[in-house]
Amino acid sequence: MRKWIVLAALAAKGICGYAQNAPAPYGALPTKAQLNWHEMEMYCIIHFGVDTYTNKEWGFGDEDPKLVDPLNFNAAQIVGAAKAGGFKGIIVVAKHHDGLCLWPTQTTAHNISKSNWKNGKGDMVKEYQLACQKLGMQLGLYCSPWDRNSAYYGTPAYVDIYRKQLKELYGNYGKLFISWHDGANGGDGYYGGSREVRKIDRTTYYGWDTTWTITRALQPSAVLFGDVGPDVRWVGNEEGHAGETSWATYDPQAPDAGRQPANGYTKYELGVEGTRNGQHWMPAECDVSLRPGWFYHASQNSQVKTPYELLDLYYKSVGRGANLDLGLSPNPQGLLNNEDVTSLKEFGQLLKQTFAVNLAKGAKLTASNVRGKSSVKYSPQLLVDNDRYSYWATDDGKTTPQLVLNLAGQKTFNVIRLRENIKLGQRIEAFTVDAWFNGKWEQIASATSIGANRLIRLPRNITTTKVRLNISQSPVCIALSDFGLYKEPVHLEKPIVGRSLQGEVSIQTTAPVSAIHYTLDGSTPTKSSAVYNKPFILPKGGLVKAIAADGNKQGEVAAVQLGLSKATWKATTLQGLSERNKPAYAIDDNPNTIWSTLQPDTAQAFTPAELTVDMGSRQIIKAFTYLPRQDKRTGGLVDQYLIQTSMDGEKWELAVQGEFSNIKANPVEQVVTFKQPVTARYIRFKALHVVAGNGATAAEIGVIVN
């Protein structure tokens, strides 16, 4: 009897193998709201408003609310499409930079009650709230701090207005999972009719510490998202991916949301990787739109991301410990287009199909070390249960353990999933995975950070009876909560459509297939469509759609809108600069070459630049296209432009003048549609302002004629 009393006392202190204290937490830890955010993994942000009707990305603030009249608006259709895609919530853009509030606010007359929708009696935010409640989805809200409509913007009075708007939103629309903010603050706008540029210090103007208390008080279960937190940070790009190494902890370095910068910021510092052993638990959100733009543009109907493109983004965001925030763009009728709905649905089915069966279940798991020796509480078998926070742990000091999975027979997989119990912090820094082939171990994967989620998409199928995990670097004992092996379905990648400088259109695949089928009339290709055999000339451009086929299988549709062929074009720029600036690079159908007027002397100020193109013959032009540089640099990105046309190269007429909104964060091809088609032989592109630098750049410019 005395013996058992002594053993029990020792076990209580963790001295023998009968019991062991839990591992000590490591570093910064997530809050309850952040744990909910991690468990969601994916949500959507919905952009709808005056920009939906003006074909812009950022409204100027002078748009008439009466433009907004979505006759078939259906929040349940939009929220339901997101749910079908596997998303767990939505963020409603209740007010964008143009200042139009999509709820009947008391703070400004510039709101939904002044629209024609429901005779001014509608409330879009409320309809989204009700749709989320009905469909079991979580709701988040975004109210833009920048307001290009308000006459008070830039003064203390506007901050009071903004805070009242937050109180309305966060007090009247139920429980929220996120209070979303971005870094677009200050610039030119309508501002009550003054039509001027107003700049603010975004680190101090909004009084974030005071403003955040509104969210904390009214929505205590919501995380606050901003460029640098305070709860969730922006990953630093709008491409939908985190770094291959991704830490959930972070030491803010960017001048935003009330945190003072040390030396400015870069994309790297904005959070692609985060900060190992950072002071704050501040995981990354990866935002990207289902279409090239955030708002609906009819010209982008053929550019909706495919289910497998979304799956790739899932691996590169959720699979790297971040969350995926996908932009949805309802059309002027107030619905998601069929292309968008179909892609979301098929993506959701693909996710379910891929992760329905954990092939590691049924395996016998043997670890080189278990905390408390044979402790059931920290057994490696917990890695294959359905509890996200039950975990295999090792003894203190055992930081490089091995784990062998003896599978229940031969299994074939191509995806590996690992998770840590993040309630104890992000601990593991490097690991490898081996498979048993022909009587020996062979490494099949390696990675660094794990955190809330780590997905490894293998380049080939692995068929084996045994798998081994090697933890190669961790500062403390491990607390691993999940090990999964999965099989992604076989698929055919969509073809790549390109065009040479000579105007030849080619359609290729990265792997051999039995045939490529294509259409030129806008219809979806099938195996009955024309077979691609060799490059062809498409002088007027047009919409090329193609699929790969192999046996009974056919892949996803590639859709590329080609402009007028540039085979006979000639480009010139300002006198004396043509040789150095390479204007021909802007019309060579090669996105990797750049026309540039950037000057070597960085002290030199920007001066407007221009590029003139002789198309060789008169054309009826419907739209102009500008592809910004694609090398991740911001120097020379044009954000304000002017386009002129001419019949003879002497007399010029203004075709359109405007801005490329959000081009710094989302440098995709910009399509400028003319109000009326213009007949011209010459076209001139003038860069009036750039994001950064003392000159202008362009990867490609072009025109659309049909």
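What the table shows:
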quantity	calculated
One residue from Asp589, Asp639 being out of contact with any helix residue (DSSP H, G or I) (no Cβ under 7 Å at 6 or more places or on another chain) and either surrounded by fewer than 17 Cβ atoms within 10 Å (Cβ to Cβ) or assigned to a loop (DSSP other than H, G, I, E, B) (or both)	Asp589
Filtered residues of region 334-350 (kept if touching a strand residue (DSSP E or B) at 6+ places or on another chain (Cβ under 9 Å) and not in a loop (DSSP other than H, G, I, E, B))	Asp340, Leu344
Sole exception among (1) surrounded by fewer than 19 Cβ atoms within 10 Å (Cβ to Cβ); (2) at positive phi for Gly425, by number	(1)
Test: Asp648 is free of Cβ contacts under 8 Å to residues at least 60 places away in the same chain and under 20 Å from His689 (Cα atoms)	no
1 or more residues crowded, with 16+ Cβ neighbours inside 10 Å and among the polar types (S, T, N, Q): qualifying strands (runs of 3 or more DSSP E) within region 97-192	138-143, 176-180
Test result for Ser565, more than 25 Å from Leu311 (Cα to Cα), in contact with a strand residue (DSSP E or B) (Cβ under 7 Å, 6 or more places away or on another chain) and crowded, with 16+ Cβ neighbours inside 10 Å	no
Of all residues in region 647-665 being of a type in the set (S, T, N, Q) and in a loop (DSSP other than H, G, I, E, B), the one that is nearest to the chain's Cα centre (by Cα)	Asn662
Scan of region 505-518 for residues that are touching a Pro at 6+ places or on another chain (Cβ under 7 Å) and not in a loop (DSSP other than H, G, I, E, B), ordered by number	Val505, Ser506, Ile507, Gln508, Ile516, His517, Tyr518
Pairs with Cβ under 8 Å, 6+ apart, first in region 615-641 and more than 17 Å from Ala586 (Cα to Cα) and touching a residue at least 12 places away in the same chain (Cβ under 8 Å), second part of a strand (DSSP E or B) and of a type in the set (Lys, Arg)	Ser617/Arg681; Arg618/Arg681; Gln619/Arg681
Unmet requirement for Asp396, which otherwise passes all of (1) at pLDDT 95 or above; (2) under 21 Å from Arg454 (Cβ atoms)	(2)
Residue within region 666-677 that is assigned to a strand (DSSP E or B), more than 33 Å from the chain's Cα centre (by Cα) and not assigned by TED's automatic domain parsing to the domain that holds Gly293 present	yes
Selection within region 193-226 - crowded, with 22+ Cβ neighbours inside 10 Å, not hydroxyl-bearing (Ser, Thr, Tyr) and not in a strand (DSSP E or B)	Gln219, Ala222
Residue list for region 679-697, restricted to those being surrounded by fewer than 21 Cβ atoms within 10 Å (Cβ to Cβ), β-branched (Val, Ile, Thr) and assigned to a strand (DSSP E or B)	Thr679
Strands (runs of 3 or more DSSP E) fully within region 443-504 counting 3 or more residues that are touching a Gly at 6+ places or on another chain (Cβ under 7 Å), crowded, with 19+ Cβ neighbours inside 10 Å and touching a residue at least 40 places away in the same chain (Cβ under 8 Å)	none
Matching residues in region 114-163 - criterion: being polar (S, T, N, Q) and touching an Asp or Glu at 6+ places or on another chain (Cβ under 8 Å)	Ser115, Asn116, Ser144, Asn149
Residue in region 259-277 that is at pLDDT 95 or above and aromatic (Phe, Trp, Tyr) present	no
Filtered residues of region 37-63 (kept if without any contact (Cβ under 8 Å) to a residue 60 or more places away in the chain and not in a loop (DSSP other than H, G, I, E, B))	Thr54
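The values are calculated or read from the model by the stated rules, or taken from the named source; none is laboratory data. These numbers were taken from a predicted model, which means no experiment stands behind them. Note that each Cβ is placed from the backbone with ideal geometry, even for glycine, and that neighbours are counted across all protein chains shown.
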